[in-house]
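Quick notes on the structure that follows.
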Amino acid sequence: MSEKKFDSITIQDIADRANINRATVYLHYLDKFDLLDKMIEEHIVNMSTICETEADLDWFESTVHCIEYLEENYLFFSTMLASEGASFFRNQFVEHNIKEFKKDIDITTGKNKGQNEEILAEFVANAYVGVVEWWIKNEMPYSPREMAEKVGDLLERVVES
């Protein structure tokens, strides 16, 4: 997908690149859309697992590990965010983050008292994904640790730990 548009990619292209035959691709996937869905799902699950595994750490260290995962998989994420599949991927990424941020949103006390949880979660998740998207599209101008600090400072303004 970093070389040609998704619509132009054929199962034969995929099989040739993987050095397997077309039948092997079809043995594992219904079509190229199924393969893409599985790749997206795998990365979101991996990132979620990393974030949950690191939950024993404080928020900052957990965020550093999550951003490091994005950095380690730069080619995938940069391709997804720059491709035609970007909206589909971005939607799944936002949905994942909405679920994660809802765990930390407290609308019963403090600065978020009385706020609508759905709107607040949408706002925070979209802001977070937007910043990650900017970071990847700009070839990661800050280290994962610096990004975690910058994002953490912004999130503290909205989400209470």
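The values are calculated or read from the model by the stated rules, or taken from the named source; none is laboratory data. What you are looking at is a predicted structure, and each value in this text was computed from that prediction instead of being measured. We place every Cβ from the backbone using ideal geometry, glycine too, and count neighbours over all the protein chains shown.
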Give all pairs with beta carbons closer than 9 Å in which a residue from the stretch 25-49 that is of a type in the set (Gly, Ala, Ser) meets a residue that is surrounded by fewer than 16 Cβ atoms within 10 Å (Cβ to Cβ); count only pairs at least 6 apart in sequence or on separate chains.
Ser48/Lys99
Phe88 being out of contact with any Cys (no Cβ under 8 Å at 6 or more places or on another chain) and either crowded, with 17+ Cβ neighbours inside 10 Å or modelled with pLDDT of 85 or more (or both):
no
Being under 25 Å from the mean Cα position of the chain (by Cα) and of a type in the set (Ser, Thr, Tyr) is the filter; apply it to the stretch 8-40 and report the residue that is surrounded by the fewest Cβ atoms within 10 Å (Cβ to Cβ).
Ser8
Qualifying position, being hydrophobic (A, V, I, L, M, F, W, C) and over 15 Å from the mean Cα position of the chain (by Cα), among Ala121, Ala127
Ala121
Within the stretch 41-59, the residues that are at pLDDT 80 or above and either surrounded by fewer than 18 Cβ atoms within 10 Å (Cβ to Cβ) or among the small types (Gly, Ala, Ser) (or both) are Glu41, Glu42, Ile44, Val45, Asn46, Ser48, Thr49, Ile50
Of all residues in the stretch 105-138, count the ones that are in contact (Cβ under 8 Å) with a residue 24 or more places away in the chain, surrounded by fewer than 14 Cβ atoms within 10 Å (Cβ to Cβ) and closer than 23 Å to His65 by Cα.
1
Among residues of the stretch 3-58, those that are farther than 17 Å from Leu70 by Cα and not charged (D, E, K, R), counted
25
